[in-house]
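Notes follow the structure.
The values are calculated or read from the model by the stated rules, or taken from the named source; none is laboratory data. For clarity, every value in this text was computed on a predicted model and none was experimentally measured. With ideal geometry, Cβ positions are generated from the backbone for all residues, glycine too; neighbour counts draw on all protein chains shown. We work out accessible area using only protein heavy atoms, side chains counted, and drop any ligands, DNA or RNA first. Shrake-Rupley method; radii C 1.70, N 1.55, O 1.52, S 1.80 Å.
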Amino acid sequence: RAGAPTPPRNGDLVRVDVTRHTAMGGARFFGSAIAGLSHQAIQKRLRAGERALFVDATADAGRRASLGSARVAAWGPGEIRAEVDCDGPGWVMVSSVHYPGWTCELDGALAPLVRANIAFPAIRIDAAGPHSIVLRYEPSSFRLGAWISLLALSATLLILVRALAGRGPAPSEV
């Protein structure tokens, strides 16, 4: 075909354009949410292009369509900070994986995280105005591992101290 690019051959230089991955790292405000659907129904609606927030059945979805904005202010290892400004109640979904071990603070107070759109954490905002959200990843498995490591280190040091104390003083050279 005339004008069609030819595929690269072994030894050819190939240009690769790298684009910054931006799928993760965002936050979005939703004025309302839909609750009580199965994961299969949610997948079907999301694949059809519906831009709604679907939350777990146990969540109070809210009926009022508030307006607002949300943005991630800082994204670091184990911590995400977001800022929200809204004219009424709503939800903020953060594009990170909802996984056991995430905790949430809304305006400095602990707040529940809800699974939204099958895989993301969402936070219910109950009042209008500016808000700050801090998500921290603090899995219990990490704390358990830290305690086990501390106990193992303590036991090793105790054995070492007893072994050295049992030797007595070194013989003096004559």
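A few points about this structure:
- Under a model in which nothing but the beta-carbon of Lys, Arg (+1) and Asp, Glu (-1) is charged, the stretch 36-142 shows a dipole of about 520 debye around its Cα centre.
- Sorting 116-124, 86-94 by average packing, meaning the other beta carbons within 10 Å per residue, from highest down gives 86-94, 116-124.
- Within the accessible area of the stretch 80-120 (1.4 Å probe), percent carbon and sulfur: 61 percent
- Potential extension, Leu113-Arg162 segment - 0.36 nm per residue separation minus Cα distance: 12.8 nm
- Using a Förster distance of 35 Å, the FRET efficiency for Phe142-Ala48 (Cβ separation, nearest 0.05): 0.35
- The gain in end-to-end length when the Arg71 to Glu83 segment is fully stretched comes to 3.8 nm, 0.36 nm per residue minus the alpha carbon separation.
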